[in-house]
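Structure first, commentary second.
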Amino acid sequence: MSKPLTYFLERRREEPDWIIPGLLKRQNSLFLVGIPKKAVKSWLLFNLAWDLSEGKPVWGIENTKTGFLFKPKKPMRVIFFTQEDTEDDLHDRYALMSSSGRKPNENLWYVQKDLTMCFDNEKGIEKIDSHLQEASPVDLVIFDPFRRMHYASENDSEVIAKLWKIVSVICKEYNCSVMFSHHIVKPPRGSVNRVGYDEADPMNARGSGDIYGGADSFITVVPKNTRGNPELSLHQEVSLSFQTKRGRPLPKVSLSVSFETGLVTFNHFGSGRPKEELSVARLPSYQSVKSQ
């Protein structure tokens, strides 16, 4: 129904329904992008899913003055589709994290690797749908990685547009949000070619620009170089940058992923300043979002 702009003078809206406060609204999409392996995307996602399933602040990111950055209002049901881990691989991740104190719960579901499960054909979509029905009601669906959920060209905007249509149907039918992990293109070689290159720019995500155009939020993961420091081989430090079209700016953060425990630790905000100095970490209020 078409309406004049003056309609907004009287329109009342409910407070935004955040899955991840300030970053991901219900029925929106989020991409976590970074280089293969060193960006530890799967470990970050598994920790994120477990945190949300318990209703705990994602990755424990905290500002000592304003509180946790991503604290959900309630435990969320999350289903994790992994296209790189067999059930044994997932069991290894679970065993490592549970031995470090994490407790399993009924809100975190998983689907093991099945490369016939994809968005490219009806049978693949039916498989995905059957898993969603089993886990319903769901709040967040995670696909890891994006490239293993389809087999057409990532550089074709028409292909990506069709994928967005399927994602939209999932979000509406299950009243949930969708999250993908995705790789970035290879960084340019040589100092001359790297002039102006921003490793934290989500536009470095591999494939069509319609991936960026269709998503609502991005997390870009940049791993710290551990070369020459054997002590760092037991964990990977990463810098996370956030970009969202649906909220206010969010600060960069530094996290560490332990390969001994599988757990994520919050180090500091991106500038390295003490936690209490970064007032920008305050969660966006309804009024601030409403004014945008």
Q) Which of the residues spanning region 18-66 are among the small types (Gly, Ala, Ser) and closer than 18 Å to residue 270 by Cβ? A) 22, 34, 39, 60
(Q) Residue pairs, Cβ under 6 Å, 6 or more apart or interchain, first in region 99-115 and within 18 Å of residue 149 (Cα to Cα), second charged (D, E, K, R) and crowded, with 16+ Cβ neighbours inside 10 Å. List them. (A) 113/85
Q. Residue 158 is checked against (1) part of a helix (DSSP H, G or I); (2) of a type outside the set (Val, Ile, Thr); (3) surrounded by 13 or more Cβ atoms within 10 Å (Cβ to Cβ) and fails just one. What number does that condition carry?
A. (3)
(Q) Between a residue in region 53-75 that is touching a residue at least 60 places away in the same chain (Cβ under 8 Å) and farther than 13 Å from residue 20 by Cα and any residue that is among the aromatic types (Phe, Trp, Tyr) and not in a loop (DSSP other than H, G, I, E, B), which pairs come within a Cβ distance under 7 Å, given they are 6 or more apart or on different chains? (A) 62/68; 62/266
Q. Residues of region 91-110 being in contact with a Lys or Arg (Cβ under 9 Å, 6 or more places away or on another chain) and either of a type outside the set (Phe, Trp, Tyr) or farther than 13 Å from residue 81 by Cα (or both), which ones?
A. 94, 106, 107, 108
Q | Those residues of region 1-29 which are part of a loop (DSSP other than H, G, I, E, B) and surrounded by 10 or more Cβ atoms within 10 Å (Cβ to Cβ), in sequence order | A | 15, 16, 17, 21, 22, 23, 26, 27, 28
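Bear in mind that the values in this text are calculations on the coordinates, not laboratory data. Because the structure is predicted, anything quoted here is derived from the model rather than measured. We place every Cβ from the backbone using ideal geometry, glycine too, and count neighbours over all the protein chains shown.
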